[in-house]
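Read the structure below first, then the notes.
The values are calculated or read from the model by the stated rules, or taken from the named source; none is laboratory data. Fair warning: this is a prediction, and the values are worked out from it, not measured in the lab. In this analysis, Cβ positions are derived from the backbone assuming ideal geometry, glycine residues included, and neighbour counts consider all displayed protein chains.
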Amino acid sequence: MIYVIESIRQKDGTPHEREARRICRRVEIVNCRVGESMICVYIDNGGAVLHTSMVIDVLTGEGTLVVWTQNTEYTFVKEVIASAAE
């Protein structure tokens, strides 16, 4: 499943230094398990990989995924692909 990075925040809620460069980037989440590093492959960036610190919590919602690692909070939204009929 493809997600779009909506935000990357510090533990205190302030934008992470990487947020400006990575916001709106499309990723495929390869691993997202509590107790392990989250691994995402950037779809439009030649296969570059995001490898995080250990995941401590995950919240899934209607089209949204929030991942808390030891250092950072990542918010993703599912990529919406318009149908050809639209």
Exclusive hit being assigned to a strand (DSSP E or B), polar (S, T, N, Q) and surrounded by 13 or more Cβ atoms within 10 Å (Cβ to Cβ), set 60, 52: 52
Mind listing whichever residues of the range 63-74 are surrounded by fewer than 14 Cβ atoms within 10 Å (Cβ to Cβ) and under 17 Å from residue 24 (Cβ atoms)? 63, 64
Could you pull out the residue among 33, 18 that is at pLDDT below 95, out of contact with any Leu (no Cβ under 6 Å at 6 or more places or on another chain) and not β-branched (Val, Ile, Thr)? 18
Please pick out the residue among 17, 79 that is among the acidic types (Asp, Glu) and surrounded by 13 or more Cβ atoms within 10 Å (Cβ to Cβ). 79
